[in-house]
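Working notes, structure below.
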Amino acid sequence: MPSKHSVIVSSEMTSFVGAGACDRLLLPPDALLIGFGDIGEPVVRTLAFSELEGEGHLLVFAVSRGACRRLFDELPDPGGRWYLPSDLRALGQSIIAPECEAAAADTLRLARSIEMLCQFFAALRTGSLVAVDGQPSLSEGDISRIAAARRIVDTRWHEKLTIDNIARSCGINRDKLTRGFRELYHCSVGEALSERRLRQARTLLAASDLPVASIGYRCGYLNNASFTRAFSRRFGMAPTAMRRMGVAA
């Protein structure tokens, strides 16, 4: 079996490009393997060493786990799979088939491999990569819009959000947002919003001396009774009890 073309980015990273197997002799120590499909297929995933002989990925990054922890302070989930946004797919395609003179191709591949690795980890950190779970029936565009809806829930939870205004903000209709959100995140938009608000309330109970009613109001609850009911259902005790016990961390 032919081997992929290799680009030694550094002592801690090698990029493997094209069809064929990866040369194990060129792997950095304690390598994390990230496969980018055929770039036309919008899925990126972590690979097992047994998959290095396969031909299912036209682009593979082998990166030292120590370097990932040092540079990005995290590692992707083992066996994780994510949808790759179109901008990262275009960057991957430019590594596979750089538009430049042949003599400069590997220099360009090296630079863009670093860029793509950094963008991949940045997308993981911000939650803009959507995990693949089964075979969703959504288009890539819809997945991107639903991921944007999730970011709105996570960052604008303190606003008066409704499904309709979230859908308008993301350019998707209400029904598709509702179905797609549950398909991707296994909960409704309302459940995700409630979870985000209640987690913030728990943090405020631990980190501030604000009255419980004020915390509830800040977290989107119009009265103390509805806040207490929701909090108690989620955490198994009332907010006042959690504060007294000192476990609202």
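When you check Arg156 against the structure, is it surrounded by 13 or more Cβ atoms within 10 Å (Cβ to Cβ), in contact (Cβ under 8 Å) with a residue 60 or more places away in the chain and out of contact with any Lys or Arg (no Cβ under 7 Å at 6 or more places or on another chain), yes or no? So Arg156 fails the test.
Quick check on Met237: is it in contact with a helix residue (DSSP H, G or I) (Cβ under 8 Å, 6 or more places away or on another chain), part of a helix (DSSP H, G or I) and of a type in the set (A, V, I, L, M)? Spell out the reasoning first.
Numbers: in contact with a helix residue (DSSP H, G or I) (Cβ under 8 Å, 6 or more places away or on another chain): yes; part of a helix (DSSP H, G or I): no; of a type in the set (A, V, I, L, M): yes.
Judged against the criteria, Met237 is not a match.
If the condition is being under 19 Å from the mean Cα position of the chain (by Cα) and open to solvent by 20 Å² or more (accessible area, probe 1.4 Å), then region 43-69 contributes Val43, Arg45, Leu47, Arg65, Arg69.
When Ala148, Ala123 are checked against the criterion of being farther than 30 Å from Phe235 by Cβ and either without any contact (Cβ under 8 Å) to a residue 60 or more places away in the chain or in a helix (DSSP H, G or I) (or both), Ala123 stands alone in meeting it. For Ala90, only one of the following conditions fails: (1) outside any loop (DSSP other than H, G, I, E, B); (2) more than 30 Å from Arg145 (Cα to Cα); (3) out of contact with any helix residue (DSSP H, G or I) (no Cβ under 8 Å at 6 or more places or on another chain). What is its number? Here Ala90 clears every test but (2).
Being closer than 19 Å to Val130 by Cβ and either among the aromatic types (Phe, Trp, Tyr) or open to solvent by less than 20 Å² (accessible area, probe 1.4 Å) (or both) narrows it down to one of Leu198, Leu177, Leu205, so name that one. Give the derivation first.
On the way: Leu198 fails: closer than 19 Å to Val130 by Cβ; Leu205 fails: closer than 19 Å to Val130 by Cβ.
Result of the check over Leu198, Leu177, Leu205: Leu177.
Looking across region 160-187 at every residue that is in a helix (DSSP H, G or I) and among the hydrophobic types (A, V, I, L, M, F, W, C), the one that is farthest from Ser144 (Cα to Cα) is identified as Ile163.
The values are calculated or read from the model by the stated rules, or taken from the named source; none is laboratory data. Bear in mind the structure is a predicted one, so any value in this text is a computation, not a measurement. Neighbour counts run over all protein chains shown; Cβ positions are idealised from the backbone, glycine included. Heads up: the accessible areas ignore ligands, DNA and RNA and are worked out on the full protein's heavy atoms, side chains in. Shrake-Rupley method; radii C 1.70, N 1.55, O 1.52, S 1.80 Å.
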